[in-house]
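Okay, so here's the structure we're looking at.
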Amino acid sequence: MTTLSPKGTVAYDIIGRIAWLRFNRPEKRNCMSPTLNQEMGDALAELEFRDDVGVLVLSGEGTSWSAGMDLKEYFRETEPKGLGAVRQAQRESYGWWRRLRWYQKPTIAMVNGWCFGGGYGPLFACDLAFAAEEAQFGLSEINWGILPGGGATKVALELMPFRRAMYHAMMGETIDGTTAAQWGLVNEAMPLAALRDRVEEVAQVLLKKNPVALKATKDAIRRVGEMTYDNAEDYLVRAQEAANSFDNEGRHEGIRQFIDDKTYKPGLGTYDLEKRKA
Ligand code: ACO
């Protein structure tokens, strides 16, 4: 059963521990208005710690993933209200992207169509990203006269080599999903008709992993990039020790099922989470 946000800008279904969360303004190509940003923040808060959610997938209703910020509601109608309103709108959008970057559950962007400008914030916030070959990506800010803000410039340089990021930001051209995969914006691209099945397949793999280890791993990948090797080494020791305080038995069970039970090989798959509970 689909849950709709009060103003209908966001929708989600929970099916088999996968939360299928959607931008839900298809008639506006899912551009992000202040209302959508508030409602997306609320939806993420509702879903984050539920036991019936193990993976979150973010996609868009209709032909678009997200056409970026709502040029009318987010910019033109907010700016006349003054600096306080502008800062509030920024806090609300940047806020849900930040929450998504550090989300408790693994997250997957399922890019079904247009992805522009501000859309790069949630795209980067998701741990993994899969796109339709037919999808179109663009830093279109330059086309209407601003720089790629809201973190989009940072996202471009985090995900792409310098020359590609520079070209992408300066030229304002779109690239399709296949090129986005080659350039590193998404993990893989495939025909739109196959997209949901592939994302579900990946989600099913993640659902079988130790959730404490997954959260520690995804945070570590985001954190260590800006650390020296020695700092990263130390951080990773501390992060594992912190994870142990949430789930000290998980790794013991993982070793036990391999060494004693011989029921799986860690190099080739995951230990059985259910067995431990039994
Ligand atoms: N802000 C406000 N309204 C938008 C946006 C947006 N970002 N994107 C689409 N819409 C609206 C259109 O104004 C139109 O509204 P209307 O029906 O009331 O006239 C409706 O959504 C449908 O848009 P169309 O342009 O008719 O849809 P089409 O499928 O032909 O084109 C496309 C889709 C290419 C995404 C086009 O809408 C577009 O270029 N949108 C803007 C993309 C963009 O540059 N976003 C800003 C990035 S910069 C940033 O985010 C800071």
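The values are calculated or read from the model by the stated rules, or taken from the named source; none is laboratory data. Here the structure is a predicted model, which is why all the values come from computation and not from measurement. All Cβ positions, even for glycine, are placed from backbone atoms using ideal geometry, and neighbour counts span all protein chains on display.
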ask   = Could you count how many residues in the stretch 123-152 are under 24 Å from Thr217 (Cα atoms), out of contact with any Cys (no Cβ under 7 Å at 6 or more places or on another chain) and more than 11 Å from the ligand (Cβ to nearest atom)?
value = 8
inquiry  = Just to be sure I understand the filter: pairs with C-beta atoms under 6 Å, separated by 6 or more residues or on different chains, first member in the stretch 21-36 and at positive phi, second member outside any loop (DSSP other than H, G, I, E, B). Which pairs pass?
reply    = Arg29/Ser64; Arg29/Trp114; Asn30/Phe23; Asn30/Gly60; Asn30/Ser64; Asn30/Ser66
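Return the total of residues in the stretch 29-61 being within 9 Å of the ligand (Cβ to nearest atom) and of a type in the set (Ser, Thr, Tyr).
Of the stretch 29-61, the ones within 9 Å of the ligand (Cβ to nearest atom) are 29-33.
Then keep just the ones that are of a type in the set (Ser, Thr, Tyr); that gives 33.
Final tally of qualifying residues: 1.
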ask   = What is the one condition in (1) of a type in the set (A, V, I, L, M); (2) more than 16 Å from the ligand (Cβ to nearest atom); (3) more than 17 Å from the chain's Cα centre (by Cα) that Ala11 does not satisfy?
value = (3)
Close pairs from the stretch 110-131: first at positive phi, partner at pLDDT 95 or above and acidic (Asp, Glu), Cβ under 7 Å, at least 6 apart = Gly117/Glu141
task = Give just the number: which of (1) acidic (Asp, Glu); (2) out of contact with any helix residue (DSSP H, G or I) (no Cβ under 6 Å at 6 or more places or on another chain); (3) within 16 Å of the ligand (Cβ to nearest atom) does Glu158 not satisfy?
result = (3)
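Listed here are the residues, each with its yes/no results for (1) over 21 Å from Cys126 (Cβ atoms); (2) surrounded by 15 or more Cβ atoms within 10 Å (Cβ to Cβ).
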| residue | (1), (2) |
| --- | --- |
| Thr179 | no, yes |
| Val186 | no, yes |
| Arg196 | no, yes |
| Pro211 | no, yes |
| Asp219 | no, yes |
| Val237 | yes, no |
| Phe246 | yes, no |
| Gly250 | yes, yes |
| Asp261 | yes, no |
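Yes/no per residue for (1) touching a residue at least 12 places away in the same chain (Cβ under 8 Å); (2) in a loop (DSSP other than H, G, I, E, B):
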residue: Leu195; (1), (2): yes, no
residue: Val199; (1), (2): yes, no
residue: Thr217; (1), (2): no, no
residue: Glu226; (1), (2): no, yes
residue: Asp230; (1), (2): no, no
residue: Asp234; (1), (2): no, no
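Could you identify the single residue in Tyr120, Tyr103 that is part of a loop (DSSP other than H, G, I, E, B) and either within 16 Å of the ligand (Cβ to nearest atom) or over 23 Å from Pro191 (Cα atoms) (or both)?
Details: Tyr120 fails: part of a loop (DSSP other than H, G, I, E, B).
Answer to the check: Tyr103.
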message = Consider the stretch 62-98. How many of its residues are loosely packed, with under 15 Cβ neighbours inside 10 Å, near the ligand (Cβ under 10 Å from one of its atoms) and either charged (D, E, K, R) or part of a strand (DSSP E or B) (or both)?
response = 2
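Assess whether Ala45 counts as being of a type in the set (Gly, Ala, Ser), closer than 24 Å to Gly8 by Cα, at pLDDT 95 or above and not in a helix (DSSP H, G or I).
no
Can you go through Thr178, Thr263, Thr270 and tell me which one is outside any helix (DSSP H, G or I) and touching a residue at least 40 places away in the same chain (Cβ under 8 Å)?
On the way: Thr178 fails: outside any helix (DSSP H, G or I); Thr263 fails: touching a residue at least 40 places away in the same chain (Cβ under 8 Å).
Sole residue among the options that is outside any helix (DSSP H, G or I) and touching a residue at least 40 places away in the same chain (Cβ under 8 Å): Thr270.
Being within 16 Å of Thr178 (Cα to Cα) and in a helix (DSSP H, G or I) is the filter here, so list the residues in the stretch 124-166 that pass it. Can you show your working first?
We begin by selecting, within the stretch 124-166, every residue within 16 Å of Thr178 (Cα to Cα); these are 128-138, 159-160, 164.
Passing the criteria: Leu159, Arg164.
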key: Unmet criterion (only one of (1) touching a strand residue (DSSP E or B) at 6+ places or on another chain (Cβ under 9 Å); (2) surrounded by 15 or more Cβ atoms within 10 Å (Cβ to Cβ); (3) assigned to a helix (DSSP H, G or I); (4) of a type outside the set (Gly, Ala, Ser)) for Gln204   = (2)
